[in-house]
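Input: a single structure, listed below in structure tokens.
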Amino acid sequence: MQELEPVDRFTFACYPGIKCFNECCKNLNLALTPYDVLRMARGLGITTTEFLEKYTSRHVGIATGLPVVVLKMVDGRCPFVTDRGCSIYAYRPTPCRLYPLARVRTGEEVHYYLLKEDFCLGHEEEREWSPEEWVEDQKAMDYNSMNDLFFELISAKNRSGKMLNEEEIEEIYRCCFDIDSFKLEVGLKDDVEALKEGIRYSIEIVSSL
Ligand code: SF4
Ligand code: SF4
């Protein structure tokens with residue numbers, strides 16, 4: 001991984017027909033953010049409850065103590081990869097959208113890293129990008145800003161150092177990841193407003209004594 005400054009440029013292109021097509025959709029440990037879950041569920045036309053049950057597994061993060069949702073592989077492949085590429089391309093999650101970049105937030109700072117994996121031949125292409133241009137091209141701005149809200153929850157949990165009990169972990173999982181269930185409970189109609197409210201409520205949980 002190589003850190004990129006905002007002014008740095010990298011070369012990359014990915015397209016059907018490139019020799020490594022779909023190689024990046026195998027054997028992944030793909031953690032999903034709440035906004036990823038929401039968008040993927042909407043792309044598939046199912047509820048977040050159904051999406052979480054069918055396509056994900058969950059555990060509690062060792063470092064954060066917060067729920068972590070991971071996309072389940074099927075025979076070592078992403079369930080959405082087809083011979084023609086990603087079947088949910090317009091709704092693909094953050095890591096797929098940003099690849100070959102990884103975005104890391106530390107406090108108020110955002111860092112981009114370039115991931116170079118042997119199987120990915122996109123780096124040999126000539127098209128040049130800055131991190132900002134790539135984010136815009138991949139329509140990742142909304143993802144970044146919604147993921148930043150979730151990062152505020154992680155920061156609040158780190159600040160409080162609170163040990164969450166099982167009930168609280170379950171509540172945060174429902175408020176942040178299972179937005180359709182949360183919407184029913186609080187009577188909100190808008191997905192994004194409900195997600196913001198779910199994260200805000202979760203911050204209250206991790207901050208309360
Ligand atoms: S969601 Fe799409 S791009 Fe991401 S791993 Fe699955 S098939 Fe590949
Ligand atoms: S160029 Fe990289 S990102 Fe594109 S299909 Fe090949 S391995 Fe995947």
Would you check region 2-207 for Lys pairs whose C-alpha atoms are within less than 29 Å, ignoring same-chain pairs closer than 8 in sequence, and give me the count? 29
Efficiency by 1/(1 + (r/R0)^6): what FRET value for E204 and D75, r their Cβ-Cβ distance, R0 = 41 Å, to the nearest 0.05? 0.50
Spin-label model distance (nm) - D83 vs N29, 7 Å beyond Cα toward Cβ: 3.3
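Below 8 Å between Cα atoms, with a sequence gap of 6+, how large is the relative contact order for the chain in percent? Each step should come with its number before you reach the end.
Details: 293 pairs, mean separation 60.8, N = 209.
Normalised by residue count, the contact order of the chain is 29 percent.
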Dipole of region 2-207, positive end: most advanced residue of T48, G187, N147 [Cβ charges, Cα centre]: T48
Hey, can you rank 166-173, 143-150 by average C-beta count inside 10 Å, highest first? 143-150, 166-173
When the chain is fully extended, how far beyond the present Cα-Cα distance does S160 get from A102, taking 0.36 nm per residue of separation? 18.2 nm
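Give the peptides 178-187, 56-65 in descending order of average Cβ contacts within 10 Å, highest first.
Put in order of decreasing packing, that is 178-187, 56-65.
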Place a +1 charge on the Cβ of each Lys and Arg in the chain and a -1 charge on the Cβ of each Asp and Glu, then give the dipole magnitude about the Cα centre in debye, rounded to the nearest 20. 460
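Each reported figure results from applying straightforward, stated rules to the coordinates on display, with no laboratory input. Please read all numbers here as calculations on a predicted model, not as lab measurements. Positions of Cβ are backbone-derived with ideal geometry, glycine not excepted, and every protein chain shown enters the neighbour counts.
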